[in-house]
Amino acid sequence: MRIRSPAAERNAEPLRLVLSRVLPASGLVLEVSSGGGQHAEHMARALPGITWQPSDIDEQALDSIAETVAEAGLGNLRPPVRLDATWDQWPVERADAVVCVNMVHIAPWEAALGLMAGAARLLAPGGPLVTYGPYRFSGQFTAPSNQAFDRSLRARDPSWGVRDVDDLAAAAARAGLGLEEVVPMPANNHVLVFRREG
């Protein structure tokens, strides 16, 4: 059964506007933690020069993505692969870009570290890692709603929470990625654009 998220519907087009600017015009994009597959379908349809590789760790999500891919019938949208960001080896060996939407706050910190390390392994110098979600900046929340969201996340799982951009940038730097751009988005979210360093 396809998983549909109202939030994914709302943010797909604002996200596309950023991705169309920062992603390469062609090549393979690995999406880490694709959820139900809504963004994968939207981006593959909107950016026909790119081959989109969705992935997830969750069985229900993988089933939803597979159904989405089959129904979309797009030549540039691949079937999903199982991927845990913390794995030392990913099922994709190289990518021209890596995209991760709304994962790092709903996962242990080790998943964010794994995302940085994995992206650094896959990307050539200059290749982008693009993340999206709510973030803190130097310890500060951008809105009371994000602070409340952080409390609710940590109540569900103490290893979850809204991450600080300073911490993410430091982890990225250790992996060989530099934070290039921070883009404000609707609903108190941001896009972070990292680049694989030479």
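The values are calculated or read from the model by the stated rules, or taken from the named source; none is laboratory data. Values in this document were obtained by computation on a predicted structure and should not be read as measured data. Neighbour counts run over all protein chains shown; Cβ positions are idealised from the backbone, glycine included.
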Just checking, which of Val165, Val183, Val92, Val193 is more than 29 Å from Thr68 (Cβ to Cβ), modelled with pLDDT of 95 or more and in contact with a strand residue (DSSP E or B) (Cβ under 8 Å, 6 or more places away or on another chain)? Val165
Quickly run through the range 4-43 and pick out the residues that are in contact with a helix residue (DSSP H, G or I) (Cβ under 9 Å, 6 or more places away or on another chain), closer than 25 Å to Ala107 by Cα and of a type in the set (Gly, Ala, Ser). Ser5, Ala8, Ala12, Ser33, Ser34, Gly35, Gly36, Gly37, Ala40
Taking the range 44-63 as the search range and keeping residues that are assigned to a helix (DSSP H, G or I) and in contact (Cβ under 8 Å) with a residue 40 or more places away in the chain, which one is farthest from Ala107 (Cα to Cα)? Asp63
Is it the case, given these coordinates, that Arg163 is crowded, with 19+ Cβ neighbours inside 10 Å, of a type outside the set (Ser, Thr, Tyr), in contact with a helix residue (DSSP H, G or I) (Cβ under 7 Å, 6 or more places away or on another chain) and within 21 Å of Ser26 (Cα to Cα)? no
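Taking into account only those residues within the range 12-43 that are among the charged types (D, E, K, R) and touching a residue at least 24 places away in the same chain (Cβ under 8 Å), which is nearest to Cys100 (Cα to Cα)? Outline the logic, then answer.
To start, the set of residues in the range 12-43 that are among the charged types (D, E, K, R) comprises 13, 16, 21, 31, 41.
Add one more test, that the residue is touching a residue at least 24 places away in the same chain (Cβ under 8 Å), and what stays is 13, 16, 31, 41.
Values: Glu13: 15, Arg16: 13, Glu31: 6, Glu41: 15 Å.
Selected residue: Glu31.
Out of curiosity, is Pro125 more than 17 Å from the chain's Cα centre (by Cα) and either touching a residue at least 60 places away in the same chain (Cβ under 8 Å) or in a helix (DSSP H, G or I) (or both)? Working first, answer last.
Details: more than 17 Å from the chain's Cα centre (by Cα): yes; either touching a residue at least 60 places away in the same chain (Cβ under 8 Å) or in a helix (DSSP H, G or I) (or both): yes.
Yes; evaluated as a whole, the condition is true for this residue.
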Some residue of the range 9-24 being at pLDDT below 95, within 19 Å of Leu129 (Cα to Cα) and buried (at least 17 other Cβ atoms within 10 Å of the Cβ): yes
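Could you say whether any residue in the range 164-172 is under 24 Å from Val18 (Cα atoms) and touching a Lys or Arg at 6+ places or on another chain (Cβ under 8 Å)?
Yes.
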Please go through the range 82-93 and give me each residue that is under 27 Å from His190 (Cβ atoms), surrounded by fewer than 20 Cβ atoms within 10 Å (Cβ to Cβ) and not hydroxyl-bearing (Ser, Thr, Tyr), ordered by number. Asp84, Trp87, Val92
For the list (1) under 16 Å from the mean Cα position of the chain (by Cα); (2) outside any loop (DSSP other than H, G, I, E, B), I need the number of the one condition that Ala66 fails. (1)
Among the residues of the range 95-107, is any within 20 Å of Gly36 (Cα to Cα), out of contact with any strand residue (DSSP E or B) (no Cβ under 9 Å at 6 or more places or on another chain) and crowded, with 16+ Cβ neighbours inside 10 Å? yes
Looking for whichever is surrounded by 19 or more Cβ atoms within 10 Å (Cβ to Cβ) and farther than 17 Å from Val32 by Cβ here; the options are Pro134, Pro128. Which one fits? Pro134
